[in-house]
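Input: a single structure, listed below in structure tokens.
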Amino acid sequence: MLLWRRLAALRAAPGPRRLSVAAPRPGPGPGAGKAEAAGGRAGRGPVPGPSGDGDGALRPLYMDVQATTPLDPRVLDSMLPYLTAYYGNPHSRTHAYGWESEAAVEKARRQVADLIGADSREIIFTSGATESNNMAIKGVARFYKSRNKHIITTQTEHKCVLDSCRSLEAEGFRVTYLPVQKNGLIDLKELEAAFQPDTGLVSVMTVNNEIGVKQPIHDIGEICRARKVFFHTDAAQAIGKIPMDVNDMKIDLMSISGHKIYGPKGVGAVYVRRRPRVRLEPLQSGGGQERGLRSGTVPTPLAVGLGAACEVAQQEMEYDHKRISQLAERLVTKIMSEVPDVVMNGDREHRYPGCINLSFAYVEGESLLMALKDVALSSGSACTSASLEPSYVLRAIGTDEDLAHSSIRFGIGRFTTEEEVDYTVQKCIQHVKRLREMSPLWEMVQDGIDLKSIKWTQH
């Protein structure tokens, strides 16, 4: 909160500060032509240092793509006609306005399905991944409650998955929250041992939103299929970034979010397998849209935006992944070569490279965030960042509380430039060194004192 108050004070300060003009840079890949034509940020990046918002006020560089991503200009292009000229209700069957919108929604459904190797009839549009997770977990559990009362998930899931499971516990279901190993990955033997005769659902996220680790989804799918148990994965952080195939991975339900893949906010999807058929009890009642699973008018512009974002992601995936991997390697190598006592949280191999979580020993994470006021970063999930408690994900992987408090998440995305990475690294190194010089704990460590051997007393 203090960081944003300071930014607000900057914005309100008299006399706008002049900004340097943005320098052009190469576009983000094969489909960059349309992005340039749209005049968006896709083909341009700011010179190192904070970027402007057109009013002369300084804005931080954006390095928090796990929280949300900017709208790709190609996605905006596809949405604009449905925000202006084609405004019909896609469920109106008696005139051309409805038919146009319905055709656009069905095209978007095919685009989402193509990205994950599904049939378009298996895609249900929702308001986002939180609703998709609630629908999948509560919907399956309630539909099959007469014979299946046990659910398996992990301790590092997104909060909406954990809270959905807690809600079901209040309804009489039993939930096993699997621990994860030090590297953030689940132990498949522990998963196999957790199955009970009435286990009905396993829910494991594909890529973790805080530490970026990639779970062995293919192996989990095989285990669940062999036991005839439904497998749900929250793939909000994975879709469009790593290859996903619901048939190859034996996934029965999958949650998707628009604004994590350079699409609009307020839209997502849930994949629900048709063969073998998965049945859900709908969360809300109404007109029976979306195969009766999600009543309510589908917002055509948002659905079109999600479809376009999925298509662009499919075209750009290989290029984006290679480029983001290089930038991530650059950031981690430079920071770790200049600053001692930095820990990378999560497995080094099985991970999505664009999500980097580093702990800077003997530095308070919130202090570092405030010092890095010209770079938009976070100390964990945006959904729980208002809490001053250390991240439950870092606690689950066994991180010491002091290290958990000193963690920063760096997000690298499609539009992140090399200059932005270098600027972030330079500022990060500068402020970590400065904050450590002010820390009595750092001074004691330099003197060779083992902090864990000290017995602290209260006065």
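State whether one or more residues within region 152-166 are over 22 Å from Thr130 (Cβ atoms) and either modelled with pLDDT of 95 or more or of a type outside the set (Gly, Ala, Ser) (or both).
no
Whether any residue in region 380-395 is closer than 26 Å to Leu58 by Cβ, surrounded by 19 or more Cβ atoms within 10 Å (Cβ to Cβ) and aliphatic (A, V, I, L, M) is what I want to check.
No, region 380-395 contains no residue that is closer than 26 Å to Leu58 by Cβ, surrounded by 19 or more Cβ atoms within 10 Å (Cβ to Cβ) and aliphatic (A, V, I, L, M).
Filter region 151-198 down to the residues that are assigned to a loop (DSSP other than H, G, I, E, B) and touching a Gly at 6+ places or on another chain (Cβ under 8 Å), then identify the one that is farthest from Ile220 (Cα to Cα).
Lys182
Among the residues of region 196-223, what is the count of those that are more than 30 Å from Ser406 (Cβ to Cβ), buried (at least 24 other Cβ atoms within 10 Å of the Cβ) and among the small types (Gly, Ala, Ser)?
1
Could you go through region 94-104 and let me know if any residue there is under 30 Å from Cys355 (Cα atoms) and among the hydroxyl-bearing types (Ser, Thr, Tyr).
Looking for residues that are under 30 Å from Cys355 (Cα atoms) and among the hydroxyl-bearing types (Ser, Thr, Tyr), one finds none in region 94-104, hence no.
Which of the helices (runs of 4 or more DSSP H) contained wholly in region 341-443 include at least 2 residues that are among the β-branched types (Val, Ile, Thr)?
418-437
Give me the pairs, please: first residue somewhere in region 241-259 and within 21 Å of Ala141 (Cα to Cα) and free of Cβ contacts under 8 Å to residues at least 40 places away in the same chain, second residue anywhere and acidic (Asp, Glu) and open to solvent by 10 Å² or more (accessible area, probe 1.4 Å), beta-carbon distance under 8 Å, and either six or more positions apart or on two chains.
Between residues of region 241-259 that are within 21 Å of Ala141 (Cα to Cα) and free of Cβ contacts under 8 Å to residues at least 40 places away in the same chain and residues that are acidic (Asp, Glu) and open to solvent by 10 Å² or more (accessible area, probe 1.4 Å), the close pairs are Lys250/Glu222.
Could you please give the count of residues in region 282-296 that are of a type outside the set (A, V, I, L, M, F, W, C) and touching a strand residue (DSSP E or B) at 6+ places or on another chain (Cβ under 6 Å)?
So the count comes out to 2.
Considering only residues of region 261-278 that are touching a residue at least 60 places away in the same chain (Cβ under 8 Å) and open to solvent by 30 Å² or more (accessible area, probe 1.4 Å), which is nearest to the chain's Cα centre (by Cα)?
Residue satisfying both the conditions and the ranking: Lys265.
Within region 318-355, take every residue that is among the small types (Gly, Ala, Ser) and surrounded by fewer than 15 Cβ atoms within 10 Å (Cβ to Cβ) and give me the one that is farthest from the chain's Cα centre (by Cα).
Ser337
Kindly check whether there is at least one residue in region 274-295 that is more than 20 Å from Glu100 (Cα to Cα) and in a strand (DSSP E or B).
No, there is no match, as no residue in region 274-295 is more than 20 Å from Glu100 (Cα to Cα) and in a strand (DSSP E or B).
Out of (1) modelled with pLDDT of 95 or more; (2) touching a Phe, Trp or Tyr at 6+ places or on another chain (Cβ under 7 Å); (3) open to solvent by 40 Å² or more (accessible area, probe 1.4 Å), what's the single condition that is false for Tyr362?
(1)
Go through region 283-303 and count every residue that is open to solvent by 60 Å² or more (accessible area, probe 1.4 Å) and either of a type in the set (S, T, N, Q) or in contact (Cβ under 8 Å) with a residue 40 or more places away in the chain (or both).
Here the count works out to 6.
Kindly provide the set of residues from region 92-115 that are over 17 Å from Ser257 (Cβ atoms), assigned to a helix (DSSP H, G or I) and not hydroxyl-bearing (Ser, Thr, Tyr), ordered by number.
Correct list: Ala96, Gly98, Trp99, Glu100, Glu102, Ala103, Ala104, Val105, Glu106, Lys107, Arg110, Asp114.
Only residues that are surrounded by fewer than 21 Cβ atoms within 10 Å (Cβ to Cβ) and under 26 Å from Phe415 (Cα atoms): list them for region 245-260, please.
Asp245
Say whether the condition of being within 30 Å of Val332 (Cβ to Cβ) and open to solvent by 10 Å² or more (accessible area, probe 1.4 Å) is met by at least one residue in region 147-157.
Taking every residue of region 147-157 in turn, at least one turns out to be within 30 Å of Val332 (Cβ to Cβ) and open to solvent by 10 Å² or more (accessible area, probe 1.4 Å).
Find all pairs meeting these conditions: Cβ atoms under 8 angstrom apart; at least six residues apart or on different chains; first residue within region 328-341 and on the phi > 0 side of the Ramachandran plot; second residue among the aromatic types (Phe, Trp, Tyr).
Correct list of pairs: Asp341/Phe360; Asp341/Tyr362.
Spot the failing condition for Leu80; the list is (1) under 30 Å from Gln426 (Cβ atoms); (2) modelled with pLDDT of 95 or more; (3) open to solvent by 30 Å² or more (accessible area, probe 1.4 Å), and only one is missed.
Unmet for Leu80, out of (1) under 30 Å from Gln426 (Cβ atoms); (2) modelled with pLDDT of 95 or more; (3) open to solvent by 30 Å² or more (accessible area, probe 1.4 Å): (1).
Among the candidates Arg109, Arg17, which residue alone is modelled with pLDDT of 95 or more, among the charged types (D, E, K, R) and farther than 21 Å from Leu327 by Cα?
None of the others qualify; the one that does is Arg109.
Can you tell me which residue in region 116-130 is farthest from the chain's Cα centre (by Cα), limited to those that are surrounded by fewer than 22 Cβ atoms within 10 Å (Cβ to Cβ) and in a helix (DSSP H, G or I)?
Arg121
Between residues in region 420-441 that are within 17 Å of Ser407 (Cα to Cα) and residues that are in a helix (DSSP H, G or I) and open to solvent by 70 Å² or more (accessible area, probe 1.4 Å), which pairs lie under 7 Å by C-beta distance while being six or more apart or on different chains?
Close Cβ pairs satisfying both conditions: Val425/Lys334; Ile429/Glu338.
Among the residues that make up region 224-241, is at least one of them in a helix (DSSP H, G or I) and open to solvent by 10 Å² or more (accessible area, probe 1.4 Å)?
yes
So is Glu420 buried (at least 20 other Cβ atoms within 10 Å of the Cβ), of a type in the set (Asp, Glu) and either at pLDDT 90 or above or more than 30 Å from Glu318 (Cα to Cα) (or both) or not?
Yes.
The values are calculated or read from the model by the stated rules, or taken from the named source; none is laboratory data. What you see is a predicted model, and the numbers here were worked out from it, not measured in a lab. Note that each Cβ is placed from the backbone with ideal geometry, even for glycine, and that neighbours are counted across all protein chains shown. All accessible areas refer to the heavy atoms of the entire protein, side chains included, with ligands and DNA or RNA removed. Shrake-Rupley method; radii C 1.70, N 1.55, O 1.52, S 1.80 Å.
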